[in-house]
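S.K.: Got a structure for you, questions after.
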Amino acid sequence: MSKSESDQPFYSTVHSMLEGVAGLAPERRDEKLQQLITNYGQQLSSCLIRKYGLTADDAAEIVQEFLLTRLLIRSPEQNVAGQFLVARRNEPHLRFRNYIRRALYNFYIDHCRRRKLPLVQMDYPDVVEERAMDDPAEDMREDRTWANQLLNQACNVVQQECYLRDQVNVWRVFSERILQPIESGKPALSYVDLCSKGLAPSPKQAANFLQTAIRKFNRALQDLVAGYLPCEEDALPDAIEQELKELQNALTAPHGVQLAANTDYSVNSSQSAPSERAHLLNVSEEVSTLWTDLDLSHFWNSQLKRRPEDVLAEMSGQDSEAECVENHAGTMTLLQLYTESKPSLGLLASFKSAAKLSAAQRQTERGQSNSSSNLFPPNVTMLIYALSIAVARLRLDQRISSDSDSRFIPRVCRLLEFSWIDPQSRRILQSWLEVLGK
């Protein structure tokens, strides 16, 4: 069953521009106009305010008239989107955000001439351009502003969605973990700290909230970018990726202007570096990127105090609430399994098999937006895999892996570089490395 037009992604609006929309009913044309204002309005109005000193109301009125007469009313050959596609045949690197901005400036100049209004250019008050020409420096300044406004719009979308779906803590974890460090320049709070603030019942659940929010944010960002890229549907994913890369470059370019924090989320704060803001344009939802060294230290030390069976179940993606259960006094812990003289070979083999299966599943799921993915930290899984094989070899003189010793040496060396590993586990790995090197 095909989706209704109102359910289609915003690129259907772009196609409407190219195909001509003069025949649409007034209510449908108004709907399209509102979509355009939502996706273009803030950025384009800001351009007029900065360049010509217009008030916010006057700029919004000019932008609405521009969108209505240059994107929705004219024929495909005359509207800005159609003209852009023609122009790009000769200029492959031409970007629509710059093209439409210059078209808006020209539209405003004509507007002033028709009404015999004075035209003052705020960027260079002593010079009035007859027509908006290519200006790489101005394009760079405006690209930086466009990128910041795009990030703020995406934040607004995510916050609204989280509040509507009763996922307030999902938003708050995203804000505390991602936005606040950019705004303040301070390190992100650990998952343990987020739990102490009541934002999640456990560190792993906090990571789950963060991954959910990142997926929402990336989806919102991509939808917003799709809203202003005139291109065929099959070319849209590549076009979105390229646009985000170019906006990243604009934020990290040297000699860029320092923008004031004038939106709901000050991702353009003076305390944050452009590279940190650029990171928001490409936030990874890969599980391994969700855990800092501090998070891993807290998480790993908490696992060492738990029953091996509970850790095994959680690592396998089962019994998601097990991590919240206190270990009973007198029950063997994971640390005791790894440090006692005669550990259970069956348990060690089970950990090794579960870790290997988890790694295989993670490789299969990589790049997929699967909300049910196992958020057990991959580096912890890697450590458990190595420790299980090492303890079986050192304490029981048993090989539970068919891999050769030479293959394990670089893996153990990599693990020993992790700063969050506890002293007992580190000693086990160092002892195993000595055996492997003989």
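Each row is one residue, and each column tells you yes or no for (1) out of contact with any Lys or Arg (no Cβ under 8 Å at 6 or more places or on another chain); (2) farther than 21 Å from VAL168 by Cβ.
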| site | (1), (2) |
| --- | --- |
| LYS204 | yes, no |
| PRO230 | yes, yes |
| PRO237 | yes, yes |
| GLN242 | yes, yes |
| GLU246 | no, yes |
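Okay, residues lined up against (1) assigned to a loop (DSSP other than H, G, I, E, B); (2) surrounded by 17 or more Cβ atoms within 10 Å (Cβ to Cβ); (3) at pLDDT below 75:
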| position | (1), (2), (3) |
| --- | --- |
| CYS231 | yes, yes, yes |
| LEU236 | no, yes, no |
| ILE240 | no, yes, no |
| LEU244 | no, yes, no |
| ALA250 | no, yes, no |
| GLN258 | yes, no, yes |
| ALA261 | yes, no, yes |
| TYR265 | yes, yes, yes |
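S.K.: How many residues, within the range 391-411, are assigned to a loop (DSSP other than H, G, I, E, B) and in contact (Cβ under 8 Å) with a residue 24 or more places away in the chain?
M.R.: So the first thing to find is which residues in the range 391-411 are assigned to a loop (DSSP other than H, G, I, E, B), and the list is 397-404.
From the residues that got through so far, the ones that are in contact (Cβ under 8 Å) with a residue 24 or more places away in the chain too are 398, 400-401.
The total comes to 3.
S.K.: Mind checking whether some residue in the range 95-102 is outside any helix (DSSP H, G or I), under 28 Å from the mean Cα position of the chain (by Cα) and at pLDDT 75 or above? Walk me through how you get there before you give the answer.
M.R.: Start the filter on the range 95-102 by keeping residues that are outside any helix (DSSP H, G or I), which leaves 95.
Next, from what is left, pick out any that are under 28 Å from the mean Cα position of the chain (by Cα): 95.
Still in the list and also at pLDDT 75 or above: 95.
For the range 95-102, residues outside any helix (DSSP H, G or I), under 28 Å from the mean Cα position of the chain (by Cα) and at pLDDT 75 or above: present.
S.K.: Give me the pairs, please: first residue somewhere in the range 161-174 and of a type in the set (Ser, Thr, Tyr), second residue anywhere and crowded, with 17+ Cβ neighbours inside 10 Å, beta-carbon distance under 8 Å, and either six or more positions apart or on two chains.
M.R.: As it stands, the answer is TYR163/TRP171, since those pairs meet every condition given.
Let's see how each residue does on (1) of a type in the set (Phe, Trp, Tyr); (2) modelled with pLDDT of 75 or more; (3) under 30 Å from GLU246 (Cβ atoms); (4) surrounded by 13 or more Cβ atoms within 10 Å (Cβ to Cβ):
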site	(1), (2), (3), (4)
GLU276	no, no, yes, yes
LEU304	no, yes, no, yes
ALA322	no, no, no, yes
THR331	no, yes, no, no
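S.K.: Of all residues in the range 417-429 being under 13 Å from VAL391 (Cβ atoms) and either without any contact (Cβ under 8 Å) to a residue 60 or more places away in the chain or outside the structural domain of SER388 (by TED's automatic domain parsing) (or both), which is surrounded by the fewest Cβ atoms within 10 Å (Cβ to Cβ)? Spell out how you get there, then give the answer.
M.R.: Going residue by residue through the range 417-429, those that are under 13 Å from VAL391 (Cβ atoms) are 424-425, 427-429.
Going one step further and asking which of them are either without any contact (Cβ under 8 Å) to a residue 60 or more places away in the chain or outside the structural domain of SER388 (by TED's automatic domain parsing) (or both), we end up with 427, 429.
Details: ARG427: 12, LEU429: 20.
The qualifying residue surrounded by the fewest Cβ atoms within 10 Å (Cβ to Cβ) is ARG427.
S.K.: If we scan the range 201-213, do we find a residue that is crowded, with 19+ Cβ neighbours inside 10 Å, touching a helix residue (DSSP H, G or I) at 6+ places or on another chain (Cβ under 6 Å), modelled with pLDDT under 80 and outside the structural domain of PHE418 (by TED's automatic domain parsing)?
M.R.: Looking for residues that are crowded, with 19+ Cβ neighbours inside 10 Å, touching a helix residue (DSSP H, G or I) at 6+ places or on another chain (Cβ under 6 Å), modelled with pLDDT under 80 and outside the structural domain of PHE418 (by TED's automatic domain parsing), one finds none in the range 201-213, hence no.
S.K.: Kindly indicate the residue of the range 181-210 that is of a type in the set (D, E, K, R) and part of a helix (DSSP H, G or I) and also farthest from THR289 (Cα to Cα) among those meeting that condition.
M.R.: Ranking the candidates gives GLU183 first.
S.K.: Identify, please: which residue in the range 36-93 is buried (at least 19 other Cβ atoms within 10 Å of the Cβ) and of a type in the set (D, E, K, R) and is, among those, modelled with the lowest pLDDT?
M.R.: ARG74
S.K.: Could we say that SER358 is buried (at least 19 other Cβ atoms within 10 Å of the Cβ), part of a helix (DSSP H, G or I) and at pLDDT below 85 here? Can you show your working first?
M.R.: Details: buried (at least 19 other Cβ atoms within 10 Å of the Cβ): yes; part of a helix (DSSP H, G or I): yes; at pLDDT below 85: yes.
Yes: the conditions hold for SER358.
S.K.: Hey, does the range 114-130 have a residue that's part of a helix (DSSP H, G or I) and either modelled with pLDDT of 85 or more or outside the structural domain of GLN222 (by TED's automatic domain parsing) (or both)?
M.R.: So in the range 114-130, the residues part of a helix (DSSP H, G or I) come out as 114.
Imposing the further condition that a residue be either modelled with pLDDT of 85 or more or outside the structural domain of GLN222 (by TED's automatic domain parsing) (or both) reduces the set to 114.
Yes, that holds for at least one residue.
S.K.: Determine which single condition GLU309 fails, assuming it passes every other condition in (1) modelled with pLDDT of 90 or more; (2) more than 19 Å from ILE421 (Cα to Cα); (3) not in a helix (DSSP H, G or I).
M.R.: Of everything listed in (1) modelled with pLDDT of 90 or more; (2) more than 19 Å from ILE421 (Cα to Cα); (3) not in a helix (DSSP H, G or I), GLU309 misses just condition (3).
S.K.: Could you tell me which of the residues ALA147, ALA137, ALA200 is in contact (Cβ under 8 Å) with a residue 60 or more places away in the chain and among the small types (Gly, Ala, Ser)?
M.R.: Details: ALA137 fails: in contact (Cβ under 8 Å) with a residue 60 or more places away in the chain; ALA200 fails: in contact (Cβ under 8 Å) with a residue 60 or more places away in the chain.
After ruling out the rest, the residue left standing is ALA147.
S.K.: Let me ask something else about it. Does the range 13-31 include one or more residues that are among the basic types (Lys, Arg), at pLDDT 75 or above and either within 19 Å of TYR228 (Cβ to Cβ) or in contact with a helix residue (DSSP H, G or I) (Cβ under 9 Å, 6 or more places away or on another chain) (or both)? Full working, then the answer.
M.R.: Taking the range 13-31 as the starting set, the residues that turn out to be among the basic types (Lys, Arg) are 28-29.
Those still in the list that are at pLDDT 75 or above too: none.
No.
The values are calculated or read from the model by the stated rules, or taken from the named source; none is laboratory data. Not measured: the values here are computed from a predicted model. No Cβ is skipped: glycine too gets one built from the backbone with ideal geometry, and neighbour counts run over all protein chains shown.
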